[in-house]
1. Simple spin-label model, 7 Å along Cα-to-Cβ: residue 235 to residue 257 in nm?
2. Testing the spin-label approximation: label points 7 Å from Cα along Cα→Cβ at residue 137 and residue 59. State their distance in nm.
3. For the ranges 32-39, 57-64, 192-199, what's the packing order if you count other beta-carbon atoms within 10 Å of each residue, average per peptide, and put the highest first?
4. How big, on average over all directions, is the shadow cast by the Cα convex hull of region 65-193, in nm²?
5. Mind pulling the per residue volume of the convex hull built on the Cα atoms of region 153-271? Å³ is fine.
6. Using only Cα atoms, locate the centre of region 64-105 and the centre of region 150-208, then give the distance between them in Å, rounded to an integer.
7. Hey, with R₀ at 30 Å, roughly what FRET efficiency would residue 102 and residue 204 work out to, going by the Cβ-Cβ distance, to 0.05?
8. Give me the distance in nm between label points sitting 7 Å out from Cα along the Cα-to-Cβ direction at residue 85 and residue 164, one decimal.
């Protein structure tokens with residue numbers, strides 16, 4: 001197994017500035033210590049709570065904060081002030097991870113540092129496989145015209161286990177894990193097209209550790225491997241890191257009043 005997935009040596013001291021330039025987020029993710037990453041659903045978590053969590057995550061040395069949701073309404077109205085409040089309170093890069101809207105592409109919030117552009121290789125609808133990415137890029141103005149244009153992180157996103165909600169919305173079919181043929185095809189596409197990240201997700205179950213290990217063994221060193229879904233304990237984070245994940249996303253584990261205690265436990269040796 002490739003135990004050193006990132007070619008850039010990491011600095012355990014938080015050095016990323018509040019304002020990031022083109023390529024800074026990807027460089028930061030490649031160079032940061034492997035570990036957990038918190039995911040906040042801004043359409044479930046109040047802005048004030050998200051700001052408090054961002055402050056603690058920043059102090060604990062987390063690499064970034066992901067704002068993500070499957071469903072959303074009035075995106076721009078809610079998200080612009082939400083992102084601004086987090087950015088004012090912490091130096092964490094803010095990454096967006098939301099499904100695209102046909103005719104509009106992926107939604108963007110002013111001030112976000114990066115946006116994940118997922119190619120859903122397992123979708124039956126080619127809009128979600130690749131057309132949504134092109135639609136988003138075509139709709140963006142030039143960098144010179146808009147200083148807050150987010151960094152685009154090209155991502156292969158795959159779902160595991162039954163997930164009717166995502167399937168109905170995005171046409172996804174869960175990846176078969178009985179053999180390796182389908183997984184190896186996805187890995188080959190990821191490498192051939194030079195995707196920045198791979199995002200493995202399971203809504204109701206868990207991504208198998210052997211799948212994580214197979215991806216890490218066969219991806220290029222600079223390609224980042226995210227895993228998320230039903231991660232609620234530090235030992236689950238450690239198991240995925242041992243299997244080769246670079247980052248392990250967790251969300252619902254902090255959706256309770258005593259989230260500070262849980263976050264400290266989840267952080268482990270972060271930094």
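Each value in this text was obtained by applying a stated rule to the coordinates, not by laboratory testing. This structure is a prediction, so every number in the text was calculated from the model and none was measured. Every residue, glycine among them, receives a Cβ derived from its backbone with ideal geometry; neighbour counts consider all protein chains shown.
1. Each label point lies 7 Å from its Cα, and together they span 2.8 nm.
2. Label-label distance for residue 137 and residue 59, simple model: 4.2 nm.
3. 32-39, 57-64, 192-199
4. Its average projected convex-hull area is 9.0 nm².
5. Per-residue hull volume (Cα only) is 121 Å³.
6. Centre-to-centre distance over Cα atoms comes out at 22 Å.
7. With R0 = 30 Å, the Cβ-Cβ based efficiency is 0.70.
8. Distance between the two pseudo-spin positions: 3.5 nm.
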